[in-house]
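Remarks on the structure that follows.
The values are calculated or read from the model by the stated rules, or taken from the named source; none is laboratory data. The structure presented is a predicted model; accordingly, all values stated were derived computationally and were not measured. Cβ: placed from backbone, ideal geometry, glycine included. Neighbour counts: every protein chain shown.
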Amino acid sequence: MKKKLKCHCGEVEAEINLPENDFSKLVKCNCTICKRKGVIMSMVKNEDFSITKGKHRLTLYQFHTKDAKHYFCSKCGIYTHHNPRSNPAMTGFNVACIDDVDTFKFKDISINDGKNHPLDKK
Ligand SMILES: [Zn+2]
C-alpha cells in the first residue's frame, strides 16, 4: 500500500510503500532530538521511501556523531523523516504527516530508548 506523506506547508511530499499494509511499529524516542520533537514515528526500508516533491526544501540536521540524518522542511519546519544512526538503511518518518492518519487514536506506541543509544556504550 502506498501512502503519501506531506509536510505542513505542502512543499515537501514523499511516497511510502508500506509492505505490510500497515505501520510495522509505532515509536516515540527519548533521545535529545526526539524528546524535543515529540513525534510518533514508524519505519520502512530506504527503498520504500521516496521524496516525490520539494527535495530542495528539505534541510538536513546532524549532531553528535553526525551519523543520523534528520530532515525537516525549511519552510514550515516540520520533521518529515530521518535515517537513524543505528540503521542507516532504514527511514524513520513522521506518521502525523500522512493525511488520513489520526495519531490521537494510536494506543500501542513503543518507546525507543535513544537516550541510552547502544552505539554510545563503550
Ligand atoms: Zn513545509
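Quick notes on this one:
- Only residues that are outside any helix (DSSP H, G or I) and either over 14 Å from residue 39 (Cβ atoms) or under 10 Å from the mean Cα position of the chain (by Cα) (or both) were counted across the stretch 77-122, and they come to 25.
- Within the stretch 85-118, the set of residues being surrounded by 12 or more Cβ atoms within 10 Å (Cβ to Cβ), farther than 15 Å from residue 26 by Cα and in contact (Cβ under 8 Å) with a residue 12 or more places away in the chain comprises 85, 86, 88, 115, 117.
- Comparison of 86, 42 shows that the only residue that is among the polar types (S, T, N, Q) and more than 18 Å from residue 119 (Cβ to Cβ) is 42.
- Qualifying positions in the stretch 65-99 - of a type in the set (Lys, Arg) and within 13 Å of the ligand (Cβ to nearest atom): 75
- In the stretch 47-64, the residues that are assigned to a helix (DSSP H, G or I), surrounded by 15 or more Cβ atoms within 10 Å (Cβ to Cβ) and more than 13 Å from the ligand (Cβ to nearest atom): 48
- Listed conditions (1) without any contact (Cβ under 8 Å) to a residue 12 or more places away in the chain; (2) within 16 Å of the ligand (Cβ to nearest atom) are all met by residue 38, apart from (2).
- Residue among 115, 75 that alone is at pLDDT below 95, farther than 17 Å from residue 22 by Cα and of a type outside the set (Gly, Ala, Ser): 115
- Evaluation of residue 10 against (1) in contact with a strand residue (DSSP E or B) (Cβ under 8 Å, 6 or more places away or on another chain); (2) within 15 Å of the ligand (Cβ to nearest atom); (3) farther than 30 Å from residue 121 by Cα (one fails), failing number: (1)
- Odd one out for residue 67, checked against (1) buried (at least 19 other Cβ atoms within 10 Å of the Cβ); (2) part of a loop (DSSP other than H, G, I, E, B): (1)
- Scanning the stretch 49-70 for residues that are within 13 Å of the chain's Cα centre (by Cα) and modelled with pLDDT under 95 yields one hit, 68.
- Scanning the stretch 1-25 for residues that are surrounded by fewer than 18 Cβ atoms within 10 Å (Cβ to Cβ), closer than 15 Å to residue 92 by Cα and not acidic (Asp, Glu) yields 4, 17, 18, 19, 24, 25.
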